[in-house]
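Heads up: the structure comes next, in structure tokens.
The values are calculated or read from the model by the stated rules, or taken from the named source; none is laboratory data. Fair warning: this is a prediction, and the values are worked out from it, not measured in the lab. As a convention, Cβ positions derive from the backbone with ideal geometry for all residues, glycine included, and neighbour counts pool all protein chains shown. SASA here: full protein model, heavy atoms, side chains in, ligands and nucleic acids out. Shrake-Rupley method; radii C 1.70, N 1.55, O 1.52, S 1.80 Å.
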Amino acid sequence: MKYIEPASLPEALEILSADDEARCLAGGATLVAMLNADLVEPSTLIGLRRIDELAGISVSGDHIRIGATTTHAQIAGDDRLTGNAAVVRDAARQIAHSAIRNMGTIGGAVCHADPNADFPGALVAANAVLEAAGQSGRRQIPADEFFLDYLETSLEEDEILSAVMVPVEPVGARGRHLKFSRTHGDYATISISLVLAINSGACSHARVAVGSAGPAPVHLAEVDALLTGSDLSGETIKQAGQKLMEAADPVDDVRGSAEYRRMIIPGLLQRAVDELR
Amino acid sequence: MSTNMAENQQINPIIGASVPRIEGPEKATGRAVYTDDITRPGMLHAALLGSHYPHARILSIDTSRAKALPGVKAVLTGADLPLNYIGMFIKDQLPLARDKVCYSGEPVAAVAAVDLATARQALRLIEMEYEELEPVTDVEEALEPDAPVIHEKRDEYPTMYELPEEPNAICFTEFMEGDPNTAWDKCDAIVEDEYLVPAQYHMYMEPSSTVAEVDGSGKVTLWSSTQGVARSQMYTALALGLPMSKVRVIAPRIGGGFGGKCEFTNQPITALLAQATGRPVKLTFSREDDMTMMKRRHGGKIYMKTGAKKDGTLVARDCRIILDGGAYADESPEVSPVAAFFSQGPYRIPNMRVEAWSVYTNLSRASAFRGFGNPQATFASESQLDDLADQLGMDPLELRLNNALEQDDKFFCGKTIEKATMRACLEKVRDASGWAAKRSGGRPAAPGKKRGIGMAGMSHISGLAGAGANVLLNEDGSVTLNCGAVDIGQGSDTIFTQIVAGALALDMDQVNFAAPDTDSSPYQFQTSASRNTYTIGRAVKKASDDVRDQIYRHAGEILECDTNDLELRQGGVVGVKGVPDAALPFIAIAGRALWQEGGPIMGTHNWLYTPQDRMDPKRMLLRGFALMPDGIGIFTFGAQVAEVEVDEVTGQVEVLEYWAAHDVGKAINKTSVEGQIEGGIVQMLGYALTEEMLWDNGRMINPTMMDYKIPGMADAPYKIHSLLIEEAEESAPFGAKGVGEICAVGPAPAIANAIKNAVGARVAQIPATPERVLTAMQSADDAD
Ligand SMILES: Cc1cc2nc3c(=O)[nH]c(=O)nc-3n(C[C@H](O)[C@H](O)[C@H](O)COP(=O)(O)OP(=O)(O)OC[C@H]3O[C@@H](n4cnc5c(N)ncnc54)[C@H](O)[C@@H]3O)c2cc1C
């Protein structure tokens, strides 16, 4: 197995498209563990850490740009991530333990696309757009369309995720990533990512996604619409929770049965709303 | 020379002091040497292949491709090994399966290669052909007449006791006192329930690890992560067909054991690989290998029925315990009897019958684990007492106080209680926790949560088996202690050093603790049964006293005085009482002994823990207590209180605060005792709430730290109050008793009882996962 650390994105893309068996290495939190367990055997590892353009957070106009190799810890610690983007920061803060947060990157987390991870739901709730770089240019993929299935994204094999763009709008919004797990630092049994804007008692914006509830974040436009414009009464939230629960398709595993996971969605949604109100 | 009372009056202040761990700095700075840190010249690396199937006949094994892989030095299968069965009470296992596998993960082949990657690659080249057999995974199904038989040759194995008839039974025990059949008529309240307890993994930080080397004479030396060098030596010798004189075992620093590294782990197979290759071999398990190939706590089912009078007097109990011993017997023949023995708890129940089984299943091996059967029985017993109190409308702590064993009572089976401190523990934990106020409402819960408080009482033992210690006076007046005891992280090296320092009025750095090594250490059973401080400590103390007496003899001759007039002064000085100038440093005594008169000064002591009395056959029916009808230690007592919050949406339980009152006799090192108590509670928080090994049709589905969850720092209660009761035990060194296990007996029921207090629902199956708690809450709601 070869290891290369290109200094630029074009260079990295060239290596990636020349070799079907090459793979990007970001923080390595997941990939190195997979290598150790013999789950993957890439011919070449392309280390991304020297590519400056992939690193760091910047605010430009209507969005916040989070470079793919930005670590969870950097995201968790950046107080520019407010309003709509607060849900992403809140998710970063709750990933695993500090050792993992110091290593793992948002690019690695979303490209791995573990449905139990925290960023996928948060990015959907924040209406984020993922920027994919290929040799022929860049394309923008809404988070809703990025996460396809268990460990599967709409990123092409010869593309590298370059950044995550989180809209600044709506400005007065608040975000919460409510994570419920067996122990501190475990993956979520269920997570609720919620962005709400409330103007004089009424909800003017709502986006909610449920993580660990199926192969990809569960997001229903219908539910956002139900909440938006409502007074977020207990009855409304119950209805919203019911719909999300019906749409959820979780698995039975060591973290809980599918039935249990579905059952707690409405209550956790209510809690997330209460915490934001 | 003197009574304990007299000695106690002049206890050196080092006894009771929170002296820092002697190995603390090296551990904190990463300089401690564990087995895996050891490298020998020309050393090979080994890995084992585990069986895919839980129950299958091995039809063929083809190792030719693995042997042909460059870098591979040996590939062994069961057929290559001598037919030397090993096991503690039943010799039923071989280092590698032969003919048949009895659990998924059971080692079937071993490879030694130039590096670990090559060894692991070779494992993938081994071709196995199996004929699958139906696995037995449920304890009750195992006892059914038509159950598949796991050990067809069970009755041919060398066994130390009489086996029950049921072919999958490992052992059966029955104790009966009074007349439990007719006593039910006298009861005003009766509760009956079925309790389920999980298989818990030891999760020591350091997976099992051994380095083995054979010298030119054929003598095998092992460095191993073990709880007892003499035990590892004995099993390795047995497996290899060598006399113990040809096997040497050394224990480097150990990263935890909790019972899982008692008896043997991977020592025999590592030694066999070293023999086969003629080169040193290291075998360190991955976490997954350790979880699938090694040992665990017994899961199982407990049926229990308890009756009481209106005033809360306990009258009768009937109990049936069926523990899952897994594929091989290991310590099972003692674990289920201990569970039976403690199923009465520290209370008077005049009419009591208990039967306990250990059964073979096609799951991994169950073994010793902190508490040794007692946590299982106590989970049932203490849960049931709370339900009984609820039915009687009594405070559960009052109910326990009403029935607590007192000094004149006998323990179950007619055993004498050395110091009845149950009441003291209950009162202490009641007062410290603010029980009454919290029980009747207390502080409000956080939004969306319900708050509750619960408690458990418990008893256990401290003792067991043989211990020896040697204390040598060095030429410069310092001393070396050699007792062969393995510190598995609980701090016994420091405790023994304190005992020697305390007995001889030396400073800590004047005492050298010699590492356990079967070539030089006196016999030591192993680190188990809460025995190090009490049983080994006593040998250490008496060996030190022996040195003191020898020093006094010399000093008396030199100073021309009666030895009764002598005293020890701090730092290695003997002097005449009341005469400050009449003093001799130990160096002078050592010099005289070595060069002038008498010979080297060596203190020694050995003893076998021997109970005061036998179980009383007149008092009760006794059947099948495998080995230790006389008792396994002196009694210890404790009481614990847990305060929890239960999430109304998810059912998740958070333990907020914890109080634990324990009778420790005497805390030799207060911080260390508190560390034991806190560690036991947090470990069993996992047992209570999150930890369970899961199998799907015999294959383990969570053998990783990602899937099997132990509590971390953030999951521990914000405060654990360790409340020490120090009533010196006469037979103990400075009065000290062991507390390593008893602290782990109470948390599961205390937490389950707190859950019930919070939400009104009984969770009779642990771990009390959020899902189980929520389900119990819903059925309690439905019942209302
Ligand atoms: C013990 C532990 C606990 C964890 N707990 C949680 C948790 O609670 N919640 C949670 O959300 N996550 C959790 N994780 C996952 C964690 O967030 C990982 O950091 C993340 O999944 C991977 O990030 P990484 O930068 O380390 O990626 P890597 O491991 O380097 O890569 C992961 C995958 O992404 C690919 N990749 C990486 N970067 C790019 C890119 N820019 N473009 C294209 N492909 C790329 C790699 O080729 C690889 O396939 C946990 C991980 C561990 C080890």
Averaged over residues of B:690-700, the number of beta carbons from other chains lying within 10 Å of each residue's Cβ is 1
Test assert for the stretch A:182-212: residues whose accessible surface shrinks by at least 40 Å² between chain alone and all chains, 1.4 Å probe, equal A:Arg182, A:Thr183, A:His184
Amide H proximity to B:Glu727 below 5 Å, modelled H, separation 5+ or other chain, gives B:Val664, B:Gly665
One quarter of the C-alpha convex hull surface, i.e. the mean projected area of chain B in nm², amounts to 35.2 nm²
For B:Phe258 the rounded accessible area (nearest 10 Å², probe 1.4 Å, non-protein molecules ignored) is 70 Å²
Karplus ³J(HN,Hα) for the stretch A:130-145 (6.51 cos²θ - 1.76 cosθ + 1.60, θ = phi - 60°; Hz, whole; x = Gly/Pro) runs 9, 9, 9, 9, x, 5, 8, x, 10, 9, 10, 10, x, 3, 4, 9
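Find the Cα radius of gyration of the stretch B:461-553, compare it with 2.2 N^0.38 Å by division, and give the number to two decimals.
With N residues counted in the stretch B:461-553, Rg over 2.2 N^0.38 Å equals 1.01.
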Once normalised by the length of the stretch B:585-693, the mean sequence separation of its alpha carbon contacts under 8 Å that are 6 or more apart gives a contact order in percent of 15 percent
Partner lysines whose C-alpha sits under 26 Å from that of B:Lys577, ignoring same-chain residues fewer than 8 away, are B:Lys541, B:Lys542
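Do the alpha carbons of any pairs in B:Lys428/B:Lys756; B:Lys27/B:Lys719; B:Lys67/B:Lys100; B:Lys186/B:Lys410; B:Lys27/B:Lys419 sit beyond 27 Å of each other, and which pairs?
Flagged as over cut-off: B:Lys27/B:Lys419.
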hull vol. (C-alpha, convex hull) per residue for the stretch B:406-458, Å³ -> 95 Å³
Computed about the Cα centre, the charge dipole of chain B from +1 Lys/Arg and -1 Asp/Glu charges at the Cβ has a magnitude in debye, to the nearest 20, of 1140 debye
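For the stretch A:177-276, what is the convex hull volume of its Cα atoms per residue in Å³?
Working: hull volume 8.3 nm³, N = 100.
In the stretch A:177-276, the Cα convex hull volume per residue is 83 Å³.
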Chain A accessible area per residue, 1.4 Å probe, protein heavy atoms, integer Å², reads 42 Å²
Between A:Arg277 and A:Ala7, Cβ-based FRET efficiency (R0 51 Å, step 0.05) works out to 0.60
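If you stretched the chain out fully between B:Thr39 and B:Ile558, how much longer would it get, using 0.36 nm times the residue separation minus the C-alpha to C-alpha distance?
181.8 nm
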Probe 1.4 Å, heavy atoms of protein chains only: per residue, the accessible area of the stretch B:669-784 in Å² is 34 Å²
Expressed as a whole-number percentage, the relative contact order of chain A with C-alpha contacts under 8 angstrom and at least six residues apart is 16 percent
Asserting the computed 222 nm helical MRE of chain B (DSSP H runs at least 4 long, -39500 (n - 2.57) per run, divided by residue count, to nearest 500) equals -8000 deg cm²/dmol
Projected convex hull area of chain A, Cα atoms, direction-averaged, in nm², equals 13.8 nm²
For B:Val653, the net charge from surrounding residues (Cβ-Cβ under 9 Å; K, R +1; D, E -1) works out to -3
Heavy-atom accessible area of the protein assembly as shown with neighbours in place, 1.4 angstrom probe: carbon+sulfur share in percent works out to 49 percent
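Under 8 Å for C-alpha pairs, at least 6 residues apart: give me the relative contact order for chain B, rounded to a whole percent.
After rounding, I find 16 percent.
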The answer for the per residue Cα convex hull volume of the stretch B:723-781, in Å³, is 102 Å³
Semi-axes in Å, largest first, for the protein assembly as shown (Cα gyration tensor, √(5λ)) are 51, 37, 31
Residues whose built amide H sits under 5 Å from the amide H of A:Asp78, excluding neighbours closer than 5 in sequence, are none
In terms of the charge dipole of chain B, which places +1 on Lys and Arg and -1 on Asp and Glu at the beta carbon, the residue among B:His151, B:Ala588, B:Thr77 farthest towards the positive end is B:Ala588
Each label sits 7 Å from Cα toward the beta-carbon; between A:Arg49 and A:Glu169 the label points are separated, in nm, by 3.9 nm
One finds the C-alpha centres of the stretch B:644-706 and the stretch A:59-89 to be spaced, in Å, by 37 Å
Residue by residue through the stretch B:353-370, the couplings from Karplus 6.51 cos²θ - 1.76 cosθ + 1.60 with θ = phi - 60°, in Hz, x for Gly and Pro, are 10, 9, 10, 9, 10, 10, 10, 6, 9, 8, 10, 4, 5, 9, 8, 4, 7, 2
Residues whose modelled amide H sits under 5 Å from the amide H of A:Ala216, counting only those 5 or more places away in sequence or on another chain, are none
As straight-line cross-link partners of B:Lys282, the qualifying aspartates and glutamates (C-alpha separation under 18 Å, not fewer than 8 residues apart within one chain) are B:Asp36, B:Asp37, B:Asp115, B:Glu206, B:Glu213, B:Asp215, B:Asp290
The correct ranking of A:Met263, B:Met352 by accessible area at 1.4 Å, largest first, is A:Met263, B:Met352
Applying the span-like rule to chain B (DSSP H, Cα extent along axis at least 27 Å, Kyte-Doolittle mean at least 0.0) gives B:670-689
Here the net charge surrounding B:Ser528, from other residues whose Cβ is less than 10 Å away from its Cβ (Lys, Arg +1; Asp, Glu -1), is +1
